[in-house]
1. Name the residue, out of Gly105, Gly87, Gly52, whose mean-square fluctuation peaks in a Gaussian network model built on the chain with Cα pairs under 10 Å.
2. Can you give the Rg to Rh ratio of region 1-104, both from alpha-carbon atoms, with Rh computed by the Kirkwood formula?
3. With the dipole of the chain worked out from charges on the C-beta (+1 for Lys and Arg, -1 for Asp and Glu) around the Cα centre, which of Ala29, Thr12, Val108 lies farthest toward the positive end?
4. Once you keep just the Cα pairs under 8 angstrom separated by 6 or more residues, what percentage relative contact order results for region 6-156?
5. Can you compute the charge dipole magnitude of the chain about its Cα centre, using +1 on each Lys and Arg Cβ and -1 on each Asp and Glu Cβ, nothing else charged? Give it in debye, rounded to the nearest 20.
Amino acid sequence: MTSSATVVVSTTVAASVADVWAAVSDPTAYARWSPEAAGAVRRSGTGAWQVGDRFTGRNRLWIPWSTSCRVVTADPEREFAFEVKLGPVTLSRWAYSVEALPDGGTRVTETWTDLRDGVQGALVKPSGLFVGRGVDAAERNRATMEATLTSLTKEFGAL
């Protein structure tokens, strides 16, 4: 897998863009849907999440681990994205985009982009093995993203 890997997964839900946006633009809610997320603790900002707000993302598989995250896009009812760091190394960018559909539902798209590059990126890639993520981050993330969007669809209802 190259450091430029990107995985994109979409679904449609029977809910308004406003309702879906409220959910996907709050990282503290991700544990409700993700098979890997265990919660998030806000480190800066108040109210609606804004660009520059920081949080600690908590995850779990074989063992728990935490990452430092910073919101990089907060375009209301359009896109919410954050970058993930482990120590000084930027690992990835996660994004949720929402789009209103003519029937009143919403298309939700989750995107993961691998940002581990250079020597530091090469050194941090094996850490996924220790927490149970396997060798292929793109394959692993596609599976967890599909599970996340399936759970989101169950919460909001399928179209």
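The numbers here are math on the coordinates, done by the rules we state, and not lab data. Keep in mind that what you see is a predicted model, and the values were worked out from it rather than measured. No Cβ is skipped: glycine too gets one built from the backbone with ideal geometry, and neighbour counts run over all protein chains shown.
1. Taking springs between Cα atoms under 10 Å, the residue moving most is Gly87.
2. Working: Rg = 14.2 Å, Rh = 14.7 Å.
Ratio value, two decimals: 0.97.
3. Result: Ala29.
4. Values: 313 pairs, mean separation 42.5, N = 151.
Relative CO of region 6-156 lands at 28 percent.
5. That gives a dipole near 660 debye.
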